[in-house]
Every structure is written in structure tokens, then in C-alpha cells.
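Colleague: A single structure is presented below for examination.
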Amino acid sequence: MISTADFRNGARLEIDGQPYHIVEFQHVKPGKGPAFVRTKLKAYKTGAVLDRTFRSGEKFEEPNLEECEMQFLYSGGDEYSFMDTESYEQISYAKDILGENVDLLKENTIVKFLLYHSEPITVELPIFMELKVVETDPGFRGDTATGGTKPAKVETGASIKVPLYLETGEIIKIDTRTRTFVERVR
């Protein structure tokens with residue numbers, strides 16, 4: 001159980017059967033009447049932010065959240081297979097459950113899962129991934145001055161915007177949080 005006195009940014013609680021974490025909170029002690037707590041809660045599953053007010057001393061269940069590291073093995077169609085790095089158990093998840101950046105996953109990459117009742121609610125990829133460009137338009141000398149970009153397909157099948165001077169076969173570093181090109185890897 002978690003009480004309003006234990007509220008901290010990032011604290012996890014379960015409301016109406018859904019897991020939330022506290023983004024912001026404020027204890028309020030008015031001159032007249034009982035104290036209360038104003039909070040901004042973010043839902044893990046949907047990402048929706050709620051403004052809720054609770055009476056001081058109210059108690060909540062802590063959600064059954066489990067963090068684990070898994071190694072990405074392979075993908076087949078819309079199914080992605082992972083292996084738990086501790087128990088060596090293999091688990092497959094549908095692409096739509098894993099989020100939009102799952103197409104940046106390369107085989108043998110270690111990712112962090114946050115599970116709620118054994119179902120993934122967040123998947124945290126490494127911040128940077130090094131991937132090979134397998135398809136892009138040819139670059140031309142002098143293209144760096146304009147600062148433009150062009151689409152490139154990387155080895156995992158994802159499409160990324162890259163600078164005009166990059167060519168097929170080069171290895172690039174990508175920021176997985178923003179899906180942007182960072183630098184060329186030599």
C-alpha cells in the first residue's frame with residue numbers, strides 16, 4: 001500500500017485497475033478544512049495524463065509491475081521473439097504491443113521491459129543503436145552545405161532521415177528516442 005504521505009515523483013500506484021506513475025504532486029494545507037494532495041498521473045498503458053486530487057492519508061495499491069531485461073532474438077511477421085536474460089525463457093509479443101520504435105531492433109540487442117501482470121507496457125531500447133544503411137539515394141559532392149536530408153532504409157527495415165552525403169553500406173548511429181541520425185560510425 002502507498003499513502004499520500006509517500007507520494008514522490010515517479011512513485012507508482014494503481015487506480016481503477018490501471019497502473020500510473022506520479023509526474024507531479026503538491027501537498028496543500030488550506031487554512032480551513034482538511035489537507036489534500038493535487039497530482040498529475042501518467043498512465044503506463046495509454047500515456048494519458050490525469051489531474052487528480054486526493055484527501056490526505058488516502059491509501060492506494062501498488063501495481064504489480066516487474067522490470068526485466070530481455071534479449072531480442074528474431075522477428076517473424078508481426079511477432080517479435082525475446083529471451084529473458086535470467087531465466088532463458090523465450091517469449092513472443094505482437095508488434096503493436098511493443099511500440100513504434102521496435103523496428104529499430106537488431107538481433108541480440110538487450111532491451112528493458114516493464115511488465116504489468118506479465119504483459120509489456122513499456123519497452124526501453126538502448127539510447128543509441130548502430131545500424132547499417134542498406135538502401136538510399138546516392139550522395140553527391142557538396143551536398144553537406146545545404147544541410148538537407150533524404151530517407152534511408154537501415155538493416156532492420158526501418159526508414160530514417162539521414163544527411164545527403166551518406167551512401168549505402170555505411171554504418172550510422174541512431175538516437176532511438178527521436179529516431180534521428182546522430183553520426184556516421186567509422
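The values are calculated or read from the model by the stated rules, or taken from the named source; none is laboratory data. All figures in this text were calculated on a predicted structure; none of them were measured in a lab. With ideal geometry, Cβ positions are generated from the backbone for all residues, glycine too; neighbour counts draw on all protein chains shown. Quick note on the areas: whole protein, heavy atoms, side chains included, nothing else; ligands and nucleic acids left out. Shrake-Rupley method; radii C 1.70, N 1.55, O 1.52, S 1.80 Å.
Colleague: How far apart, in nanometres, would the label points at residue 65 and residue 119 be if each is projected 7 angstrom from Cα along the Cα-to-Cβ direction?
Modeller: Between residue 65 and residue 119, the label points sit 1.7 nm apart.
Colleague: Past 18 Å, Cα to Cα: identify those pairs from 112/173; 132/173; 95/132, in the order given.
Modeller: On the way: 112/173 20 Å; 132/173 9 Å; 95/132 22 Å.
Flagged as over cut-off: 112/173; 95/132.
Colleague: Hey, another quick one. Pick from 176, 122, 168 the residue whose mean-square fluctuation is largest in a GNM of the chain, springs joining Cα atoms under 10 Å.
Modeller: 168
Colleague: Further question on the same structure: What is the log10 of I(q)/I(0) for the range 76-186, computed with the Debye formula using one identical point scatterer on each Cα and no solvent, at q = 0.12, 0.14, 0.17, 0.23 Å⁻¹?
Modeller: Each listed q corresponds, in turn, to -0.48, -0.62, -0.83, -1.27.
Colleague: Relative contact order for the chain: what is it in percent, counting Cα pairs under 8 Å that are at least 6 residues apart?
Modeller: On the way: 398 pairs, mean separation 25.4, N = 186.
Relative contact order, the chain: 14 percent.
Colleague: State the label only: which of (1) 45; (2) 59; (3) 54 corresponds to percent of Cα pairs over 22 Å apart computed from the shown model?
Modeller: (2)
Colleague: Shifting gears a bit: I need the per residue convex hull volume for the range 42-96, using only the alpha carbons, in cubic angstrom as a whole number. Numbers along the way, then the final one.
Modeller: Values: hull volume 5.8 nm³, N = 55.
Per-residue hull volume (Cα only) is 106 Å³.
Colleague: Given a 1.4 Å probe and every protein chain left where it sits, what share in percent of the accessible area of the chain is carbon and sulfur?
Modeller: Values: 5200 of 11410 Å².
Of all accessible area on the chain, carbon and sulfur atoms account for 46 percent.
Colleague: Something else now. Show which aspartates and glutamates lie in cross-link reach of residue 150 when reach means a straight Cα distance below 20 angstrom and same-chain residues fewer than eight apart are skipped.
Modeller: 103, 130, 135, 137, 167, 170, 175, 183
Colleague: With every protein chain present, what is the per residue accessible area of the chain (1.4 Å probe, Å²)? It would help to have the intermediate numbers written out before the result.
Modeller: Values: 11410 Å² over 186 residues.
That works out to 61 Å² for each residue.
Colleague: Helix-derived [θ] at 222 nm for the chain: sum -39500 (n - 2.57) over DSSP H runs of at least 4, divide by residue count, nearest 500? Walk me through the numbers on the way to the answer.
Modeller: Values: 1 runs with 4 residues, N = 186.
That calculation yields -500 deg cm²/dmol at 222 nm.
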